[in-house]
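The structure appears right after this line, and notes come after that.
The values are calculated or read from the model by the stated rules, or taken from the named source; none is laboratory data. Quick caveat: nothing in here was measured; it's all calculated off a predicted structure. A quick note on method: Cβ atoms are made from the backbone with ideal geometry, for glycine too, and the neighbour counts reach across all protein chains shown. Ligands, DNA and RNA are stripped out before the accessible areas are found, and what is left, the full protein with its side chains, is counted by its heavy atoms. Shrake-Rupley method; radii C 1.70, N 1.55, O 1.52, S 1.80 Å.
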Amino acid sequence: MNTTDLQQVRSMPLFVGLDDAQLGCIEPGEVIEVPASTVLVSEGEWLPFFFLVLEGEVRLSRTYDRQTILLGVIKPGNYTGEITLLLNTPWLATARVGKPARLFRLGEEDFWHMMTTCRSVAREIFHTAANKMRNLEGYSLQREKLVSLGTMAAGLAHELNNPAAAAQRAAAHMQQTTDKVQCLLCQLSRTLDHDHMEHLATASDNALQQLATAPSLDHLERSDRADTIATWLDAHSVADAWDVAPTFVSAGLDSAWLEEFTAKIPAASHADSLGWLEARLNLKSLLLQVEQSTGRIAELVKAIRSYSYMDQSPMQEIDIHEGIDSTLTMLGHKLKNLTVVRAFDRSVPRIMAYGSELNQVWTNLIDNAIHAVNGAGKICIGTSLEDDQLVVEIVDNGSGIPANVQPHLFEPFFTTKPIGTGTGLGLVISNRIVGDRHGGEIEFESRPGETRFKVRLPINRAQLPSSPTPANR
């Protein structure tokens with residue numbers, strides 16, 4: 001580094017307090033010129049350099065949920081790269097030159113020499129790094145919270161849409177079917193006497209009872225029975241025989257039952273009687289569909305309220321199983337191809353806890369397990385009581401956590417997920433909620449084919465802290 005470059009570097013705020021005897025801590029560095037749009041380093045890469053901007057600017061960005069977010073712009077006099085060197089971790093953001101820049105660059109060995117020989121510089125770098133980490137973690141927590149809420153909302157929208165659409169379709173068909181029942185009943189009342197009408201009502205009630213208890217059939221058997229009934233209906237001049245036959249099959253009726261039904265009715269009214277009976281059965285089926293669909297919607301709404309502890313005190317006596325069940329409901333859209341085993345000990349006592357925060361822990365751990373088995377494996381969730389501690393275990397049969405990864409699991413921003421799909425804060429926040437907020441601990445053990453996370457929560461604790469913990473997944 002020539003004299004001119006050295007003087008420019010020395011004039012920067014970070015080094016302005018150095019005396020001549022201390023210049024040796026920056027002399028090993030070099031000044032480089034970098035054109036605009038050059039990527040110095042990408043998020044997740046390892047590049048052991050400290051950069052101080054002399055001219056131009058460097059833009060830092062980070063990917064959240066596949067969206068690139070600008071974190072800040074490094075102007076002349078400011079620097080970057082110190083966090084990577086201090087923590088010995090890959091870069092947490094992508095550094096791209098925004099305007100043609102002159103940069104002071106210092107390698108890892110020279111950086112540590114500077115930190116050990118120039119106290120004023122080291123003090124400033126430590127202070128700045130701490131602030132950057134605090135700001136980055138806070139921002140990442142908010143982004144993670146928004147992403148988590150968005151993902152959960154999308155899943156719930158999907159889960160709610162299915163029963164809502166089914167109820168809407170059933171309601172639309174109910175009007176048409178009701179009109180058909182009334183129209184055919186009017187026609188039959190003009191052609192049948194009192195005894196015939198009594199027979200219609202009795203047979204209809206019997207058919208509706210059979211509909212409520214009819215066994216489910218596999219597709220092939222259902223198709224065969226529908227073909228047989230449709231052939232019989234067609235022979236009795238029933239319009240749209242192949243369309244109405246499945247209704248009779250669903251009610252568990254066969255051609256023999258229909259033969260007995262029509263035997264007590266004048267032949268001229270056979271078609272209308274069968275049409276009326278089919279419409280009544282169809283109307284009952286549609287009502288059942290609406291009831292089931294709205295029941296499912298109510299169940300999901302109940303799960304949402306339970307998960308968030310809506311309209312309830314943050315800290316209260318809770319049944320841990322209710323929180324786990326509501327979490328599984330909220331994650332239902334991710335569990336469709338998984339086998340979930342509940343091994344609950346229902347005798348474990350209720351505990352005083354922050355229910356909504358513990359639900360975040362279950363969400364993090366279960367979501368990690370889903371990711372570990374690639375959405376198609378087995379997850380077992382168990383509860384037990386050990387030494388005055390309530391223990392929740394979440395076990396998956398994925399490929400396991402590599403041995404070199406395990407020591408870093410609870411480090412901020414450490415993640416094994418692809419860039420942009422995980423912030424590396426889920427386990428950090430879970431550990432804080434369990435440890436700091438509830439006086440418990442999280443343990444884990446992993447080998448190929450089995451990863452087991454254990455959350456230990458004390459049954460009795462004098463007082464829980466009231467300071468808020470950032471909500472995060």
Do the conditions hold for residue 224, that is, is it farther than 25 Å from residue 287 by Cβ and either of a type in the set (Ser, Thr, Tyr) or within 43 Å of the chain's Cα centre (by Cα) (or both)?
yes
Being in a helix (DSSP H, G or I), within 30 Å of residue 361 (Cα to Cα), at pLDDT below 90 and not small (Gly, Ala, Ser) is the requirement here; does residue 149 meet it?
yes
Consider only pairs whose beta carbons are under 6 Å apart and that are at least six residues apart or on different chains; among these, list those whose first residue lies in segment 253-276 and is closer than 18 Å to residue 198 by Cβ and whose second residue is of a type in the set (Val, Ile, Thr) and in a helix (DSSP H, G or I).
269/191; 270/262
Only residues that are open to solvent by 40 Å² or more (accessible area, probe 1.4 Å) and either more than 18 Å from residue 91 (Cβ to Cβ) or hydroxyl-bearing (Ser, Thr, Tyr) (or both): list them for segment 29-41, please.
30, 33, 35, 36, 37, 38
Somewhere in segment 330-338, is a residue over 24 Å from residue 409 (Cα atoms), open to solvent by 20 Å² or more (accessible area, probe 1.4 Å) and of a type in the set (Lys, Arg)?
yes
Provide a single number: the residues in segment 313-372 that are over 15 Å from the mean Cα position of the chain (by Cα) and of a type in the set (A, V, I, L, M).
11
Test residue 279 against the stated conditions and say whether it is of a type in the set (A, V, I, L, M), open to solvent by 50 Å² or more (accessible area, probe 1.4 Å) and either in contact with a helix residue (DSSP H, G or I) (Cβ under 9 Å, 6 or more places away or on another chain) or touching a residue at least 12 places away in the same chain (Cβ under 8 Å) (or both).
no
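Confirm whether residue 136 is open to solvent by 10 Å² or more (accessible area, probe 1.4 Å), modelled with pLDDT under 85 and under 24 Å from residue 34 (Cβ atoms). I'd like the intermediate steps shown before the answer.
Working: open to solvent by 10 Å² or more (accessible area, probe 1.4 Å): yes; modelled with pLDDT under 85: yes; under 24 Å from residue 34 (Cβ atoms): yes.
Answer is yes for this residue.
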For segment 19-118, which strands (runs of 3 or more DSSP E) that fit wholly inside it have 2 or more residues that are more than 42 Å from the chain's Cα centre (by Cα)?
30-34, 49-64, 94-107
Hey, residue 300 hits all of (1) in contact (Cβ under 8 Å) with a residue 12 or more places away in the chain; (2) within 30 Å of residue 234 (Cα to Cα) but one; which does it fall short on?
(2)
Residue 23: passes all of (1) aliphatic (A, V, I, L, M); (2) out of contact with any Gly (no Cβ under 8 Å at 6 or more places or on another chain); (3) surrounded by fewer than 19 Cβ atoms within 10 Å (Cβ to Cβ); (4) touching a residue at least 24 places away in the same chain (Cβ under 8 Å) but (4)
